[in-house]
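Data block below; observations after.
The values are calculated or read from the model by the stated rules, or taken from the named source; none is laboratory data. Since the model is a prediction, treat every value here as computed from it, not as a measurement. Note: ideal-geometry Cβ built from the backbone for every residue, glycine included; neighbour counts use all protein chains shown.
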Amino acid sequence: MRFEARGLHSGYGSVPVLHGVSFCVSEGEIVALVGRNGAGKTTLVRTVVGLLRATDGQLRLDDADITRMPPSRRVRAGLRAAFQERSLFSQLSVGDNLRLSGHPVAEHGRVLAMFGESLAGREAQRAGTLSGGEQKMLAAASALASTASILLMDEPTEGLQPSNIELLGDALAAARQEGRGVLLVEQHLALALRLADRFIVLEKGEIVDAGAAGEAGLADRLAGRLAL
Amino acid sequence: MDALTLELLNGLSLFATLAIVALGLGIVFGLMGIINLAHGEFVMIGAYVAYVAHAGGLSHWLSLPLAAVVLFVLGACIEVGLIRRIHRRPEVTILATFGLSICLRQAVELIFTKDFRGVPNPVPGATRAFGVLFPTYRYVLIGIAVVVVVVTLLAFTRSRFGLTVRAIVADRDLADASGVRTGIANFCAFGIGAATAGIAGALVAPLGAIEPQAGLAYLPGAFLVVIVGGFHRLWGVIAGALVVAAVQTGVIHFYDAVWAQIAALVLAVLMLQLRRVPVEGATT
Amino acid sequence: MRRALAAGAACALAATVFSGAFGGYRSGQLSLFLVFAALAVSLDFVWGYTGILSLGQLLPFGIAAYTSAKIVSAAPSLGVPMLVAAAAVGAGVAAALGVAMLRRRPSAVVVGLLTLVLSLTLEQLAEQWRDVTGGFNGLTGVPRLGAFGAQLSDAAQDVVVSVLAIAAITAVGALVTRPIGAVLIGIRSNERRMEALGYKTVQIKIWAFTVGGALAGFAGALYVHRTSFVSPQIFGFSLATSMVLWTLVGGRGTIVGPVIGAMSINFASATLADVWLQYWTLATGLIFVAVVVVMPHGLVPSAQRLAGRPARRRQQPTLRPAATGVDALSGANAVDMVGDRAPSAAAPAIFEAHDVHKSFGFFRLLGGVTLTMESAELRCLIGPNGAGKSTLLDILSGQQGCQSGRVLVLGTEHTGRHAWEFARHGVSRKFQSPQLIDDLSVATNVAIAAWGTRSSPWRLIRRPWDTSVPQPALEILERTQLDRRLDMRAGDLSHGDKQWLEIAMAVAGDCRLLLLDEPTAGMTVAESLEAAALLREIHRSHRLPIVIVEHDMAFIRAVADRVTVLARGEVLADGTVAEVENDPDVQAIYAGVDS
């Protein structure tokens, strides 16, 4: 399945944040979206998911126009996100969080085992009592274990220790193998440089640069874009 | 000693009535952020369902589920026709349901006139227990109300639907983005809120006169329960009903029902002083 | 104001002529409905202007009515003085209720419920307390208005009641054309903004609630004379709904609207109810719901919109430069001294935050931040999301308190103070998303900001509309060409213009420290560089200390004297732009290549 944004405009209330953003994510590729704080990354994710209304432009999944669809229908159409903040229901248990994301109880063990031992067997614990990194892993695992064909991962490495970043990278690579498309939103370059097939750079709500993996000098160029 | 037991039973009976009437109010507010000023009218219509069932020769006990069904349908229609259009604007919902309450009262008056109607008590007489005589039907009322409240609350905390509901209360956006159909959940919640009011109405029908204005009498008590119990926890309804019933019963014992209500009001104002609410920014 | 008084006089004359022409029955109806109109206007003042959803506006109305009935029945000659006393009773009831209810800033929902429940409870109390209230049937046979032993005839009383009701409505109508009217609208639409401008919003709300209560009380006394009886239904659900309906249908926040609403619905009821009483009540319910859903602004504003006329023009303030530009920024003058000389022990720092801690539940927002500004500089605050930048600004402007630590502004302890106290001490704040009073014009927004730090309700009634505004605010208006759109509605401005208007408002008060949260959000690259130049200029020419939270490095390079980097609630680095940019810790946080 192929996801496409055409000339997307969006913002909070009267505050415009995105000024015409166009990009696509195809089957079996990982696209890294990088940009500094305040560039509009999270706004982009919330608009794609449907929590913010696009003020202009179009969102498409294959041939279907999903621009006006409510969020829950987009999920059923095959689009799923792991958010950067508030990615879990913190008052509910880990198991309830998984049930809400559509994972039958029988599969909880498999989902929780995705990142080694740290989450295994903790279904009954309240999600809010997990550490920040554990919460990120749970949200990422829940999205990755779903059947969605387009995944949006908003800063999944934030707060994760290096060994778990490795595991996350492997899981994302596996998702690509299965033919799923991933939009990896990152402020930190390390993982993105290792995994992504293509890069787009967001600045002040516009795409200011793009590149493909293996391009000469790409890493330095991106680092320059992100540095102070 | 017997006087005290009697007061306790009176208090328990008041608690059960308050809890079952306030239950639907609490569900609808907790889940949807909507204050339903027409909730008393739902109770009143529940009582009329009991009256019609009786007139049609049905047993009083059958009228309880019947009232639940009728009001679920009515509530669901109102959700689709009205509430959905003004959702997420609390002040507007207050006004709209204010108007709705006039419509419902007047519609009932057009159908049934202003005359007082009644339903005979299905279990007349009194039962002697704990050393005092207490009307049998009130025991039944306490039992059924407690069962309805507890079952509803358990359904909201234990079932898959309840999980969905709690997720929406906790974080509506995240629930949306997780694929939860929040629209359908709202529809069901408003319907269930109305249905519990219907049961409450049918339940109290044999105890008093049934007339179009009857719903108004329940409004102050039910709102006090919700204010005292807090707006965002369903179990708060029980706690609120308990506190309000205790205060009112205590004050009734020494003074009368009006002073009891004033005492509960003072309590609600005091509760307000304890809460710290942030300053609101721009209204959207 | 003059227009309001002229309109009131014309209405009073028309009412007198009407009574003379139709006499008897019609004249009686007119006077009763005008009393209801006064009640609706009192609700409009409290709800439409100030934003307090008081479904219990019948409390002062009814209590004053009962009090008047009791006293006048015992001493008929006290009728006229009792009218004044009734207003006082209404004011007292409302003041007590306001103090008990409004201090903790309850939501509109809670206020609405509580006042409604209170009103319904009073209805029951009045039914039960037979000795005093006469029980269900109430008090009857209240004598007509009189004074000094003489009493009015029925016909004369109708005219007098009509004229007095119109006079009371006119008084409120004139009141809201004064600056206080604009301030009340400000509190209704954005309380946080008003408090950050230095308004004691809770005090003003209680004041407005009291004034509304006085009008309701006065109307209650007129009512009891006009109908010659009062019963518990005066507190009841039915009148409460009607009162809201009149206000809603006519149009909230217009004064004229509720009068039109009350008159038209009542005359329609009186005519139609004879023909089909029950259907008419049902129809009012349906009208109620329909207005809420379809025409929430009510008749008067909707009709104005249909006629293509902008909402009735309110009085516009004229803005003129403060006598001497820099003098107006009296504090900036003091700061100026500090800025020019070496900091001495005698001159206080602009602000000091010592070891500030703030957490929200388990989540730590600030973990011991110490930050000071010794002299008037332009400081930027940067850091990743969740670093605590906005929280720190909130604490420096009193929007939030901190769990431990101290905050000093210009040498004065401000820990735990309210936002309005910070504002009155010279701290001005622009919020992340523009917080303007959308319904008011550009000029009124600026004027409200200029009045904020020295205002009380009484002063706001008397103060002139023309306003002296400090030089920097006028400069901003001029540079952004907002000065050519002074009578435009603030809510209709473009996003960039809203940002500038809010900055102009921030410096329009007694500004001695300016805090800006993401001023370039939503601006293009070119616009944000222009913004940098203008802020730089204001900072330099007025020696105004400024703290800016920003992400945009191009902007920061252009504007900052000094940069502080926050990360995870702590100060990570502090220094010039170049120093911070070359700091390896900061690079690691930002680029993330090496981490």
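Could you say which residue among A:31, A:45, A:75 is part of a helix (DSSP H, G or I) and touching a Phe, Trp or Tyr at 6+ places or on another chain (Cβ under 9 Å)? Answer to the selection: A:45. Go through the stretch A:1-28 residue by residue and tally those that are buried (at least 17 other Cβ atoms within 10 Å of the Cβ) and touching a Phe, Trp or Tyr at 6+ places or on another chain (Cβ under 7 Å). Of the residues in the stretch A:1-28, 2 are buried (at least 17 other Cβ atoms within 10 Å of the Cβ) and touching a Phe, Trp or Tyr at 6+ places or on another chain (Cβ under 7 Å).
Where helices (runs of 4 or more DSSP H) fall entirely within the stretch C:357-451, those with at least 1 residues that are of a type in the set (A, V, I, L, M, F, W, C), modelled with pLDDT of 85 or more and in contact with a helix residue (DSSP H, G or I) (Cβ under 7 Å, 6 or more places away or on another chain) are at C:419-424, C:442-451.
Scanning the stretch C:101-143 for residues that are more than 25 Å from the chain's Cα centre (by Cα), farther than 19 Å from residue B:217 by Cα and either outside the structural domain of residue C:189 (by TED's automatic domain parsing) or of a type in the set (A, V, I, L, M) (or both) yields C:132, C:139, C:142.
Residues that are modelled with pLDDT under 95 and among the polar types (S, T, N, Q) number at least 2 in the following helices (runs of 4 or more DSSP H) confined to the stretch C:129-210: C:154-175.
Tell me, yes or no, whether the stretch C:156-171 has at least one residue that is more than 14 Å from chain B (Cβ to nearest Cβ), under 28 Å from residue C:53 (Cβ atoms), in contact with a helix residue (DSSP H, G or I) (Cβ under 6 Å, 6 or more places away or on another chain) and not aliphatic (A, V, I, L, M). Yes, the stretch C:156-171 contains at least one residue that is more than 14 Å from chain B (Cβ to nearest Cβ), under 28 Å from residue C:53 (Cβ atoms), in contact with a helix residue (DSSP H, G or I) (Cβ under 6 Å, 6 or more places away or on another chain) and not aliphatic (A, V, I, L, M). Annotation note: of A:46, A:73, A:36, A:6, the sole residue that is more than 26 Å from residue B:170 (Cβ to Cβ) and within 14 Å of another protein chain (Cβ to nearest Cβ) is A:36. In summary, residue B:36 fulfils each of the numbered conditions (1) in contact with a Ser or Thr (Cβ under 6 Å, 6 or more places away or on another chain); (2) among the polar types (S, T, N, Q); (3) surrounded by fewer than 21 Cβ atoms within 10 Å (Cβ to Cβ) with the single exception of condition (3). For the stretch B:141-178, the set of residues classified as under 15 Å from residue B:10 (Cα atoms) and either in contact (Cβ under 8 Å) with a residue 60 or more places away in the chain or buried (at least 18 other Cβ atoms within 10 Å of the Cβ) (or both) consists of B:141, B:142, B:145, B:146, listed by residue number.
The single condition among (1) closer than 26 Å to residue A:27 by Cβ; (2) in contact (Cβ under 8 Å) with a residue 60 or more places away in the chain; (3) assigned to a loop (DSSP other than H, G, I, E, B) that residue A:199 does not satisfy is (3).
Might you check whether a residue that is in a loop (DSSP other than H, G, I, E, B) and within 14 Å of chain C (Cβ to nearest Cβ) occurs anywhere in the stretch A:173-188? Write out each step before concluding.
First pass over the stretch A:173-188, keeping only residues in a loop (DSSP other than H, G, I, E, B): A:178-180, A:187-188.
When the remaining residues are screened for being within 14 Å of chain C (Cβ to nearest Cβ), the result is A:187-188.
Yes: the stretch A:173-188 contains one or more residues that are in a loop (DSSP other than H, G, I, E, B) and within 14 Å of chain C (Cβ to nearest Cβ).
Has the stretch C:41-61 got at least one residue that is at pLDDT 95 or above, among the aromatic types (Phe, Trp, Tyr) and over 20 Å from the mean Cα position of the chain (by Cα)? Yes: one or more hits. Considering only residues in the stretch B:222-242 that are in contact (Cβ under 8 Å) with a residue 60 or more places away in the chain and surrounded by 24 or more Cβ atoms within 10 Å (Cβ to Cβ), the one that is nearest to the other protein chains (Cβ to nearest Cβ) turns out to be B:223.
I'd like to know if the stretch C:19-38 contains one or more residues that are closer than 13 Å to residue C:171 by Cα and either surrounded by 15 or more Cβ atoms within 10 Å (Cβ to Cβ) or among the β-branched types (Val, Ile, Thr) (or both). Steps first, please.
Residues of the stretch C:19-38 closer than 13 Å to residue C:171 by Cα: C:38.
Imposing the further condition that a residue be either surrounded by 15 or more Cβ atoms within 10 Å (Cβ to Cβ) or among the β-branched types (Val, Ile, Thr) (or both) reduces the set to C:38.
Within the stretch C:19-38 (the criterion being closer than 13 Å to residue C:171 by Cα and either surrounded by 15 or more Cβ atoms within 10 Å (Cβ to Cβ) or among the β-branched types (Val, Ile, Thr) (or both)), the answer is yes, since at least one residue qualifies.
Selection of the stretch C:544-555 for residues being modelled with pLDDT under 90 and buried (at least 16 other Cβ atoms within 10 Å of the Cβ) yields C:550, C:551, C:552, C:553, C:555. Taking residues in the stretch A:9-20 that are free of Cβ contacts under 8 Å to residues at least 12 places away in the same chain, and partners anywhere that are surrounded by fewer than 16 Cβ atoms within 10 Å (Cβ to Cβ), the pairs with Cβ atoms closer than 8 Å and at least 6 places apart or on different chains are A:13/B:284. Do we find a residue being touching a helix residue (DSSP H, G or I) at 6+ places or on another chain (Cβ under 9 Å), over 30 Å from residue A:43 (Cα atoms), part of a loop (DSSP other than H, G, I, E, B) and among the charged types (D, E, K, R) anywhere in the stretch C:501-523? Yes. Does at least one position in the stretch B:89-97 carry a residue that is in contact (Cβ under 8 Å) with a residue 12 or more places away in the chain and surrounded by fewer than 16 Cβ atoms within 10 Å (Cβ to Cβ)? Scanning the stretch B:89-97, I find no residue that is in contact (Cβ under 8 Å) with a residue 12 or more places away in the chain and surrounded by fewer than 16 Cβ atoms within 10 Å (Cβ to Cβ), so the answer is no. Across the stretch C:543-583, the number of residues qualifying as within 12 Å of another protein chain (Cβ to nearest Cβ) and of a type in the set (Val, Ile, Thr) comes to 6.
Condition check: assigned to a helix (DSSP H, G or I) and either at pLDDT below 90 or within 14 Å of chain B (Cβ to nearest Cβ) (or both). Does residue C:218 satisfy that? I'd like the intermediate steps shown before the answer.
Details: assigned to a helix (DSSP H, G or I): yes; either at pLDDT below 90 or within 14 Å of chain B (Cβ to nearest Cβ) (or both): no.
No: the conditions fail for residue C:218.
For the stretch C:131-138, the criterion of being over 28 Å from residue B:90 (Cα atoms), acidic (Asp, Glu) and more than 9 Å from chain B (Cβ to nearest Cβ) is met by at least one residue. Tally up the residues in the stretch C:482-499 that are buried (at least 19 other Cβ atoms within 10 Å of the Cβ) and more than 14 Å from chain A (Cβ to nearest Cβ), please. Result for the stretch C:482-499: 1.
Just a yes or no: is a residue in the stretch B:140-160 under 21 Å from residue A:98 (Cα atoms), within 11 Å of chain A (Cβ to nearest Cβ) and touching a Phe, Trp or Tyr at 6+ places or on another chain (Cβ under 6 Å)? No; the residues of the stretch B:140-160 include none that is under 21 Å from residue A:98 (Cα atoms), within 11 Å of chain A (Cβ to nearest Cβ) and touching a Phe, Trp or Tyr at 6+ places or on another chain (Cβ under 6 Å).
Listed here are the residues, each with its yes/no results for (1) at pLDDT 90 or above; (2) closer than 29 Å to residue A:2 by Cα; (3) assigned to a helix (DSSP H, G or I); (4) not hydroxyl-bearing (Ser, Thr, Tyr).
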position	(1), (2), (3), (4)
A:119	no, no, no, yes
A:137	no, yes, yes, yes
A:151	yes, yes, no, yes
A:158	no, yes, no, yes
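With the structure loaded, tell me whether residue B:170 is within 13 Å of another protein chain (Cβ to nearest Cβ), at pLDDT below 90 and either closer than 23 Å to residue B:87 by Cα or under 17 Å from the mean Cα position of the chain (by Cα) (or both) or whether it fails that test. Judged against the criteria, residue B:170 is a match.
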